[in-house]
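Student: Take this structure, written in structure tokens, and hold onto it; I'll ask about it next.
Just so it is clear, none of the values below were taken in a lab; they were calculated from the coordinates. These numbers come from a predicted model, not from an experiment. With ideal geometry, Cβ positions are generated from the backbone for all residues, glycine too; neighbour counts draw on all protein chains shown.
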């Protein structure tokens, strides 16, 4: 029987609760390890998860992501739990620290895992290879085995008991030697938030938005306004084709709300929104690969023979995307007035 350690930050965000849900679905003794200020209080929040032990490492030193402190605390928790399987959400913080911890403990690690379940009584993980074109199911005999679960792959853990629980927390003292001091956070200036992983709908814009239209002229500013109006009204997330986001380096008209962070498809990214709407975009395999986890795909394109018309989309609108989105925005505006 596996000794399972669920590892998470004390804020217990949605990816962490998804990883907890996966940990609870496995057979074995479960230990919860929480890191950062408020870890003891966070343990009470998930007291009903069925864990045999709750370990906590608190302190301001662990509030900020930093390799030295994160690796030290993860190693201490894994050793204290005697874990043979360590499960955490695949966030930038744990993806940076846990490979080093696996090496320290002479273990193994698998990242970008999309599913973990028991197969014939043995944990097995599922992940994609070669830009999401091939799916593999893996088991390992080496222990400890570290597994990083991709966000959005399973429902988050929910406590069926409405009453607040009380978890018996064991506090660990960890004093890592760190030469790094976190003095703040700096991020590139950005305008409106267009990347929303939890959105129900992914809106994908293609290069057609910036090309010459029926009147022989390009209307990039109008295109951007239509897209932003739709995003605000529908609360959708914005994606872009590679051809569109690459235009900034080719001296062509671009959408200022779009960057390479919005790119899907050829990057191998796997957006997991329930629905997808592609506009002015005729790519076939690159975008289908990126949309593998989307269950309803719709597209708007003037070309009835585009790749989407050949079975790639559930619904294809053969129409002008400018006219379609103007009408959609008008309907959304009327709905908002009700």
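Student: With no solvent and one point per C-alpha, what does the Debye sum give as log10 I(q)/I(0) for region 1-93 at q = 0.22 Å⁻¹?
Tutor: Reported log10 I(q)/I(0), two decimals: -1.11.
Student: Shifting gears a bit: Report, for the chain, the % of DSSP beta bridges that are antiparallel, rounded to 5.
Tutor: Details: 12 of 58 bridges.
Just about 20 percent of them are antiparallel.
Student: Using the Cα atoms of the chain, I'd like the radius of gyration and the largest Cα-Cα distance, Dmax, both in angstrom.
Tutor: That works out to 23.1, 70 Å for Rg and Dmax.
Student: A further question follows. Counting other beta carbons within 10 Å of each Cβ, put 94, 128 in order, fewest first.
Tutor: Numbers: 94 27, 128 18.
Lowest to highest Cβ neighbour count: 128, 94.
Student: Just need log10 I(q)/I(0) for region 27-171 at q = 0.14 Å⁻¹, Debye formula, equal scatterers on the alpha-carbon atoms, no solvent, rounded to two decimals.
Tutor: Per q value, in the given order, log10 I(q)/I(0) is -0.72.
Student: Something else: Using a Förster distance of 25 Å, how high is the FRET efficiency between residue 44 and residue 173, based on the Cβ-Cβ distance and rounded to 0.05? If you can, show how the numbers build up before the last one.
Tutor: Numbers: r = 21 Å, r/R0 = 0.83.
So the FRET efficiency works out to roughly 0.75.
Student: Of 257, 24, how do they rank once you tally other Cβ atoms within 10 Å and put the fewest first?
Tutor: Working: 257 19, 24 15.
Going from sparsest to densest Cβ surroundings: 24, 257.
Student: Based on the Cβ-Cβ distance from residue 133 to residue 29, what FRET efficiency comes out when R0 is 35 Å, to the nearest 0.05?
Tutor: Values: r = 37 Å, r/R0 = 1.06.
With R0 = 35 Å, the Cβ-Cβ based efficiency is 0.40.
Student: Estimate the FRET efficiency between residue 103 and residue 314 by the formula 1/(1 + (r/R0)^6), using the beta-carbon distance for r and 45 Å for R0, to the nearest 0.05.
Tutor: Values: r = 45 Å, r/R0 = 1.00.
Once the sixth-power term is evaluated, E becomes 0.50.
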